[in-house]
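Peer 1: If you scroll down you'll find the structure; I have some questions about it.
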Amino acid sequence: MNYFKLVVFFLWFMFVPAIVYAQTAGNVSNGQKQWESMSKAQKQELRKTFKKWQSLPADRRAKIIQNYMLFQSLSKDEQKRIIKAYKHFQNLPEEKKRLVMDNYKRWQSLPSAKRQIILRNYKIYQSLSPREKEALRRQYLKWKDITPAQRERIKELIRSRRLKKE
């Protein structure tokens, strides 16, 4: 499940889908009570958000509602994890937020097969002990510092060893 996407869609328009959902569920009287209990500033912010909501294309609004419903179907623990990730994201400096979004766009543009390989490798990495992770980190730092020609020689050496084993 793509939690980052859920975080962005759900929390970006957190209030509007809730209102739309409440209205579609026939819960308008409860919405009216909530409206009456809001401060003037809250009502003003909600009106502004609702205008923004209305300006969105219908397909975008439908997607947001779909993601909201999906969020509601998650366990409370999953919801808390998403909200925590969103709050963490909101507290990042703008440069880091931009980096996260750029990486997310790059991830989305990868072919599905490539994403599956990365996810599989990440799961393998997660299963490593702290000692193994540190050893891998040191290897990466060494790898990063060598020339492309040296990398090719190492790759060839590994390939030849694999062929000998087979």
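Peer 1: Within 20 Å of the chain's Cα centre (by Cα) and of a type outside the set (Asp, Glu), is that true of Leu99?
Peer 2: Judged against the criteria, Leu99 is a match.
Peer 1: Please go through (1) part of a helix (DSSP H, G or I); (2) modelled with pLDDT under 85 for Gly26 and return the number of the only condition it doesn't satisfy.
Peer 2: Failed condition: (1).
Peer 1: Ok, one more. Could you check segment 119-146 and list, in sequence order, the residues that are surrounded by 11 or more Cβ atoms within 10 Å (Cβ to Cβ) and aliphatic (A, V, I, L, M)?
Peer 2: Correct list: Leu128, Ala135, Leu136, Ile146.
Peer 1: Out of Gln108, Gln72, Gln66, Gln126, which single residue is over 30 Å from Gln54 (Cα atoms) and assigned to a helix (DSSP H, G or I)?
Peer 2: One residue alone meets the criteria, Gln126.
Peer 1: May I pose another question? Report yes if some residue within segment 38-51 is in contact (Cβ under 8 Å) with a residue 60 or more places away in the chain and within 25 Å of the chain's Cα centre (by Cα); otherwise report no.
Peer 2: No.
The values are calculated or read from the model by the stated rules, or taken from the named source; none is laboratory data. As the structure is a prediction and not an experimental result, all values here were calculated from the model. In this analysis, Cβ positions are derived from the backbone assuming ideal geometry, glycine residues included, and neighbour counts consider all displayed protein chains.
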